[in-house]
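> Take a look at this one; I'll ask things after.
Please treat every number below as a calculation from the coordinates, not as lab data. The shown structure was predicted, so the numbers you read here are calculated from the model rather than taken from an experiment. Note that we place each Cβ from the backbone using ideal geometry, even for glycine, and neighbour counts take in every protein chain shown.
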Amino acid sequence: MAGITLNDVVKTYGEVVAVDSVSLDVGDGELVALVGPSGCGKTTTLNLVAGLIELTDGEILLGDKVINDLDPKDRDLAMVFQNYALYPNKTVFENLAFPLKMRKMAKAEIATRVTRTAETLSIGHLLQRRPKELSGGQQQRVALGRALVRNPKAFLMDEPLSNLDAKLRVQMRAELKRFHQELGATVLYVTHDQMEAVTMADKIAVMNLGVLQQFASPDEIYNRPVNTFVAGFIGSPAMNLLRGRFVSAAGEGAIQGADGWTLPLNPANARRAGASAGEVVVGIRHGHVLLHRQAHRGAMPARIYTVEPTGDITFVHVRLGSQLLVASTAPGFTAAPDDPIWVEFEQDHLHLFDEASDVALLGDGAGVELAGVGAGATSSATAAKGASGPSGGEALPAAAGAGVVSDL
Ligand SMILES: Nc1ncnc2c1ncn2[C@@H]1O[C@H](COP(=O)(O)OP(=O)(O)O)[C@@H](O)[C@H]1O
Ligand SMILES: [Mg+2]
């Protein structure tokens, strides 16, 4: 296998800039997910790597070789599409052998390669079956085998799972990840589904309107999104984003919404917000929104909108001013629409963006993981994590990764 490198890759169609100076690299044996909304340029980027369309500008390398001008068939890349398109009347063996036959390979060599590939993918016992006698997972393995048998340097996959129903998609996602890990396969994987990207990829490239927004590990993208687009795109339910204005008086900082709420900030967050031009966007994920039944220091008065139990986690939608936010709690939480509720944002997990530039305010290089910073409004977040809080409200631990409801 070999790595893939894109340097300032551009593709224009008349006025449309489908891919706008994208640079990224897929390390040898890495799976990089290219993710973004429909029309953001994912397929175009992949097709440029495959050589199916011509570059407007920039450079693409496979290993250390520039492949800009190579014919697709000479690029040693294997493409896997949405439709596996196995030949229904051919056996698994014949399906795997087909691409080699097309290349006029000798029969004995074909047999050796097909057998080796089938064993690699644990489908050696299925070689005499036809596609309709296989499960969805086995069919996927055969389709991958047909790409693998050619000994490609890397795999290009364009939404290979998007035609499958939800349950099968989750199963196949795990299969694909195993395939990548077992073979050390280099994979450039295109998807519009952020969950596929987060669960499978070594690195994620988030695109919007042809422009690469952030290229980093799933952890980095999730915890330190560089702008509000990435913050809102990665994560489900999406991160809560609220627009407000930074205000400070007597050393205390807060963010005020035009619709009446005031979010007090701890000193570290006040410093970060202070670096903005004044207007900021506050981001908080559902798991870091704490709900209180009564007024609580650092918490803002809100109203229940609706409660959604899902089994292992309950999502609580609340109306704060004119906005809807989503919080998550342990199962068993109940409330009626329009009940009063107080929402507190865990200060150590607050995301802040400068509204004017749409850039994350990371502050002191510490970013959003300000572990250990505890003052003012963080007190009950600390309490929720097990320390004794000043409010007297005993916090209940919630489902893993979910928020905490205290004062019940
Ligand atoms: N052959 C083409 N001619 C003109 N515009 C195109 C062509 N192919 C793609 N585009 C435009 O380029 C943009 C990116 O398309 P695409 O790469 O298919 O997006 P994605 O795969 O992310 O959904 C879109 O605005 C699309 O309309
Ligand atoms: Mg596409």
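> I need the full set of residues from the range 37-50 which are assigned to a helix (DSSP H, G or I) and either more than 6 Å from ligand 1 (Cβ to nearest atom) or within 20 Å of Pro218 (Cα to Cα) (or both), in order please.
Residues satisfying the conditions are Lys42, Thr45, Leu46, Asn47, Leu48, Val49, Ala50.
> Given (1) on the phi > 0 side of the Ramachandran plot; (2) out of contact with any strand residue (DSSP E or B) (no Cβ under 8 Å at 6 or more places or on another chain); (3) surrounded by 17 or more Cβ atoms within 10 Å (Cβ to Cβ), identify the lone condition not met by Asn47.
(1) is the only condition that Asn47 fails.
Residues are listed down the side, and each one gets a yes or a no for (1) assigned to a helix (DSSP H, G or I); (2) within 24 Å of Gln347 (Cβ to Cβ); (3) in contact with a strand residue (DSSP E or B) (Cβ under 8 Å, 6 or more places away or on another chain):
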| residue | (1), (2), (3) |
| --- | --- |
| Ala197 | yes, no, yes |
| Gln214 | no, yes, yes |
| Ile221 | yes, yes, yes |
| Ala231 | yes, yes, yes |
| Pro237 | no, yes, yes |
| Gly244 | no, yes, yes |
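> Still on this structure, please answer the following. Check whether at least one residue in the range 19-31 is within 23 Å of Arg150 (Cα to Cα) and either loosely packed, with under 14 Cβ neighbours inside 10 Å or hydrophobic (A, V, I, L, M, F, W, C) (or both), and report yes or no.
Looking for residues that are within 23 Å of Arg150 (Cα to Cα) and either loosely packed, with under 14 Cβ neighbours inside 10 Å or hydrophobic (A, V, I, L, M, F, W, C) (or both), one finds at least one in the range 19-31, hence yes.
> While we're on this one: Consider Met79 against the criteria (1) touching a strand residue (DSSP E or B) at 6+ places or on another chain (Cβ under 6 Å); (2) more than 16 Å from ligand 2 (Cβ to nearest atom): it satisfies all of them except one. Which criterion is unmet?
(2)
> While we're here: Restricting to the range 300-333, and then to whatever is charged (D, E, K, R) and not in a loop (DSSP other than H, G, I, E, B), can you tell me which residue is surrounded by the most Cβ atoms within 10 Å (Cβ to Cβ)?
Arg319
> Also, quick follow-up: Check off (1) away from ligand 1 (no atom under 12 Å from the Cβ); (2) within 30 Å of Ile123 (Cα to Cα); (3) part of a strand (DSSP E or B) for Leu34 and give me the number that stays unchecked.
Just one mismatch for Leu34, condition (1).
> Does the range 334-348 hold any residues that are of a type in the set (A, V, I, L, M, F, W, C) and either buried (at least 22 other Cβ atoms within 10 Å of the Cβ) or over 16 Å from Arg293 (Cβ atoms) (or both), and which are they?
Ile341, Val343, Phe345
> Filter the range 137-167 down to residues that are over 20 Å from Ala97 (Cα atoms) and crowded, with 16+ Cβ neighbours inside 10 Å and give me whichever is farthest from ligand 1 (Cβ to nearest atom).
Leu164
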